[in-house]
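Reviewing the structure listed below.
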Amino acid sequence: MRMTLRQPERLLEGARELGISLDERQCELFATFGSLLYETNRFMNLTRIPEDRMIELHFLDSLAIAKIVHLAPGARVLDVGTGAGFPGIPLAIAFPLLHFVLIDGTRKKIEFVRRVIEVLDLQNVIAFHYRAEDFAKVGSNLNTYDFAVARAVAPLERLLPWLLPFVKSGGYAVAYKGLDVDAELDKAKARVKAFGGSLDRVVTVTLPFIGVERKFVLVRKQSNL
Ligand code: SAM
């Protein structure tokens, strides 16, 4: 299955603005992912973002984390509540030398993500049907990831206790959030501490072309519990 994007230059240029250079093969992988997503979306509820906004609001938004953390080769990244594969699949395509684990509590979504991984033949990503709370009961997952990330999954007060147990000391939980994150942060502060984390920073990234502002909440894991 070989697809091309309607506007490959938009993806290339947007990624470049985020500090990522993509080659032709990676662009094809994004295109194939997009086709699978919108074909499947006809009969399964995967996304409400229209196809003509996919490059900016799905792909570039997922990749925007690269602007604020160093994704070093060999790093391990857990994507909690990946849904149809965001941000995990775009990151796995763009960063083939990192290792990605994607989990979601909805079986159908993970079945879709597994199909994407198979069709795209991605060697650096694996998907599991798990809720975060249950994945944490598999002891070998704890304190092992350089980053645990989540986009549009839950308020910080609930989300950070899901993410932090997986992060190793010195690593980060990173939440993709909207602009109105301050009230959520206030409520989450006590929980951050209880889970061995400390709020590192909140960073705003303006998405290429559309000017939408994405806020990232970074919590550093100080100690393993
Ligand atoms: N991250 C994707 C995105 O940005 O498009 C999906 C967002 S969707 C709104 C939220 C997803 O989180 C759903 O697929 C849901 O099944 C999953 N989810 C919610 N709570 C979860 C939990 N405790 N553990 C794992 N997945 C969870």
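Numerical summary
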quantity	calculated
Leading residue by the ranking (surrounded by the fewest Cβ atoms within 10 Å (Cβ to Cβ)) among those in the range 76-98 that are over 19 Å from LEU22 (Cβ atoms) and more than 10 Å from the ligand (Cβ to nearest atom)	ARG76
Any hit, the range 23-46, residues being over 20 Å from GLY85 (Cα atoms) and exposed (fewer than 12 other Cβ atoms within 10 Å of the Cβ)	yes
Looking only at the range 164-179, and only at residues there that are under 19 Å from LYS215 (Cβ atoms) and of a type in the set (A, V, I, L, M, F, W, C), the one that is farthest from the chain's Cα centre (by Cα)	LEU179
Residues of the range 10-49 that turn out to be within 18 Å of GLY211 (Cα to Cα), more than 18 Å from the chain's Cα centre (by Cα) and without any contact (Cβ under 8 Å) to a residue 40 or more places away in the chain, as a count	2
Check on VAL203, more than 16 Å from the ligand (Cβ to nearest atom), hydrophobic (A, V, I, L, M, F, W, C) and crowded, with 20+ Cβ neighbours inside 10 Å	no
Check on ASP52, at pLDDT below 95 and closer than 24 Å to VAL212 by Cβ	yes
Pick from the range 124-166, criterion of a type in the set (Lys, Arg) and in contact (Cβ under 8 Å) with a residue 12 or more places away in the chain, ranking: farthest from LEU185 (Cα to Cα)	ARG131
Which listed residue, of ARG191, ARG158, ARG115, is touching a helix residue (DSSP H, G or I) at 6+ places or on another chain (Cβ under 9 Å), surrounded by fewer than 20 Cβ atoms within 10 Å (Cβ to Cβ) and at pLDDT below 95	ARG191
Residues located in the range 50-63, provided they are within 12 Å of the ligand (Cβ to nearest atom) and either in a loop (DSSP other than H, G, I, E, B) or touching a residue at least 60 places away in the same chain (Cβ under 8 Å) (or both)	LEU57, ASP61, SER62
Subset of the range 166-178 (residues that are within 13 Å of the ligand (Cβ to nearest atom), of a type outside the set (Phe, Trp, Tyr) and buried (at least 24 other Cβ atoms within 10 Å of the Cβ))	VAL174, ALA175
Any pair with Cβ under 7 angstrom, 6 or more apart, that starts in the range 98-115 at a residue that is within 16 Å of LEU78 (Cβ to Cβ) and ends at one that is of a type in the set (Asp, Glu) and within 10 Å of the ligand (Cβ to nearest atom)	PHE100/ASP79; LEU102/ASP79; ILE110/ASP104
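The values are calculated or read from the model by the stated rules, or taken from the named source; none is laboratory data. What you see is a predicted model, and the numbers here were worked out from it, not measured in a lab. Glycine also receives a Cβ, built like all others from the backbone with ideal geometry; neighbour counts cover every protein chain displayed.
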